[in-house]
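Q: Quick one: structure below, then a few questions.
Every number here is computed from the coordinates shown, using simple stated rules; none is lab data. Bear in mind that the values here come from a model prediction, so they are computed numbers and not experimental data. Virtual Cβ from ideal backbone geometry, glycine too; neighbours counted across all protein chains shown.
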Amino acid sequence: MIETERSFLSPSRLRRLGPKRLLSAAERLLWHLGFDDVRNIDGPGDEGGDLLAFRKGVRWVFQSRWTTSPTIDDRAVRQVDAAKAFYGADRAVVVTNARPGRPAILHRQRLASVGVRVDFWGGEDLSKFGDAVAPTFVPTRYALRPYQETAVVAADEALQANGRALIIMATGLGKTVVAGEVIADRLAQGLSSVLLVAHTTELIAQLERALWRHIPKQVTTSLLSGTDRPGDLGGVVCATVQSAASAVEAGWRPDLVVVDEAHHVSEDGMFQRLLDALDGTSRLGMTATPWRGDGYDIGQRFGKPVFMMGIVDGMAQGFLAEVDYRLFVDGIDWTIVSGASEQGLTVRDLNARLFLPQRDEEVVDHLREVWSTVTEPRAIVFCRTIEHAEEFAASLRAAGWRRAAAVSNRQSKRERAVLMSEFRDGRIPIVTAVDIFNEGVDVPDVNILCFLRVTHSRRIFVQQLGRGLRLRPGKAIVRVLDFVSDIRRVAATLEIQRGLDATVGGSIERLTLPHARFSFSQPSIGSLLQEWIKDSAALEDADEEVRLQFPEGLVPT
């Protein structure tokens, strides 16, 4: 059931649920207090810090200390002081469900005598914070954009009418905001439990944090995964699909199931097992990229989409950043172009023979040129492999980006969280990656994207492009450098351009695209390439083994 205590900061709740949920409650509180970037760094090697947070240009570090005793000793003070120095934080806070004991107070005073400030947020302080929050207050309640309101209403009506709804919204348009509002609406109508399910533990943790901005303080949230087992399954439960399926098969029945990144639902597998077990339960599917390589239609599980807005519409209506997209096609082997039709090459064959590899040194030169034209540049470089990401980050450091860093799943969750915190606040200006940014990562400050890899699918390309499309104050345009090595990506970018061109003079009232453009580094070659592939049906979605037929005789002169 929904938590009957006054708030998620109620002393009895914090004492009952233990150290993990104290840390979670502290994190949720920071969103209520107006912090705009909060990251959990708890774990081995955290150097005494559990949370890193950023507010109004100030970096904070928090140490969370749960205890069954009435007081804490000075260990937490020593740890948070060490963390403050390690992470270069401006402020340090010990959060505890108890109160500071005399050793803790004395150590804090000694630090203060040399100019080092450490604050205590004890159990009584947390209780007061909870009481001060209005009963239905949520931290970032703001006016929804018109299309978000439309999506929320459409989902509510569909769920009410037939218990199924599917929403498709491009990355950057706020599909998680829509999901949060739909969940809040359903809870207000009397639902006692909601299951929000995704395919990874990191993603469900991100979703729980996102929901705190939408639901009132008395609604509890919890994680359900291989490492997290809540004491009860009331309120909103964010779960991995495997753990959710096990709980449902053991008898749990939520009132609503919401599937994030619903394109992972297939004809069989864990999502199918979960949804079969919840046959008759209301369900909402959310995705930015509904396409699946196996052709399965996720509408079979969620019904036809009740709302859709893609990248083109988002750009055209001014809700996504405009794009200056440049495809570098200098390295084209045009002898392949003239003979491709005769040979009947597959996509794999064509990519291997058509595109000549760009040297990293050339890429760095092009990146430096764009970097110098952008205010407060922040860039993601998508690389071929983890090894390439690490090597290219080293090349960037040698070229003058001294704090360039590679982000990959070789790093621990804590290491990635610290890197992303420093990327978000500008301490690290540029990161290299492979697939770590495809789903569930909010990086609105990114204004330069660089593609050095084959993306293999329209879905991955759109997800990675979407990392730069989110708007923020002072950002209206994203620069994209595509050292293209996949004929399907040329087709995908041309399709977006055709979509934008088609909006001119159409029914869209708000058209703000004075700078959005897709161009080739050599316009004459670009024109030939566009002409060469224009008759290739469904090339954008073609898989590796599809054989291609192109018009003959179109070669550069």
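Q: Expected output is a single nm value to one decimal: the length gained when fully extending between residue 398 and residue 348, i.e. 0.36 nm times separation in residues minus the C-alpha distance. What is it?
A: Extra length available between residue 398 and residue 348 comes to 14.6 nm.
Q: Going by amide H atoms built from the backbone, whose H comes under 5 Å of the H on residue 219, apart from near neighbours?
A: The list, which skips near neighbours in sequence, is empty: none.
Q: Roughly how many debye, to the nearest 20, is the charge dipole of segment 146-309 about its Cα centre, given +1 on each Lys and Arg Cβ, -1 on each Asp and Glu Cβ, and no other charges?
A: Using Cβ point charges on Lys, Arg, Asp and Glu, segment 146-309 gives about 220 debye.
Q: For segment 216-266, compute the orientation-averaged projected area of the C-alpha convex hull (one quarter of its surface), in nm².
A: The Cα convex hull of segment 216-266, projected and averaged over all directions, gives 4.4 nm².
Q: Step by step: find N for segment 11-132, compute 2.2 N^0.38 Å, then divide the Cα radius of gyration by it. What's the final number?
A: It is 0.98.
Q: Okay, moving on. Please give the charge dipole size of segment 86-185, origin at the Cα centre, charges +1 on K and R Cβ atoms and -1 on D and E Cβ atoms. Round to the nearest 20 debye.
A: 640 debye
Q: Between residue 82 and residue 435, take the C-beta separation as r, use R0 = 45 Å, and let me know the FRET efficiency to the nearest 0.05.
A: The value I calculate is 0.85.
Q: OK, next. Counting pairs of Cα atoms in segment 85-204, how many percent are more than 23 Å apart?
A: Summing the P(r) of segment 85-204 above 23 Å gives 58 percent of all pairs.
Q: Determine the sum of side-chain charges near residue 178: Lys and Arg each +1, Asp and Glu each -1, restricted to other residues whose C-beta is under 12 angstrom from that of residue 178.
A: In short, -3.
Q: Pop a pseudo-label 7 angstrom from the Cα along the beta-carbon direction at both residue 409 and residue 369 and give the gap in nm to one decimal.
A: It works out to 3.6 nm between the two label points.
Q: Now for a separate question. Among 184, 194, 216, whose Cα sits farthest toward the positive end of the charge dipole of segment 177-233 (+1 at Cβ of Lys/Arg, -1 at Cβ of Asp/Glu, about the Cα centre)?
A: Going by the charge dipole, the pick is 216.
Q: Rounded to the nearest 20 debye, what is the charge dipole size of segment 11-132 about its Cα centre when +1 sits on each Lys and Arg Cβ and -1 on each Asp and Glu Cβ?
A: 260 debye
Q: Contour minus end-to-end for residue 69 and residue 56, with contour as 0.36 nm per residue of separation and end-to-end as the Cα-Cα distance?
A: 1.2 nm
Q: Sort 50, 445 by Cβ crowding within 10 Å, fewest neighbours at the top.
A: Least to most surrounded, the residues fall as 445, 50.
Q: Between residue 150 and residue 125, what length comes free when the chain is fully extended (0.36 nm per residue of separation minus the Cα-Cα distance, one decimal in nm)?
A: Computed gain between residue 150 and residue 125 is 5.0 nm.
Q: Also, I was wondering about something else. Greater than 20 Å separation of Cα atoms is the criterion. Which listed pairs, 175/304; 20/56; 20/175, meet it?
A: 20/56; 20/175
Q: Per residue Cα convex hull volume for segment 146-309, in cubic angstrom?
A: That works out to 109 Å³ per residue.
Q: Once you put a point 7 Å from the Cα of residue 185 and another 7 Å from the Cα of residue 522, both along the Cβ direction, what distance in nm separates them?
A: Placing both labels 7 Å along Cα→Cβ, they lie 5.3 nm apart.
Q: A further question on this structure: Hey, what did segment 146-309 get for relative contact order, percent, Cα under 8 Å, at least 6 apart?
A: Reported as a whole number, the value is 34 percent.
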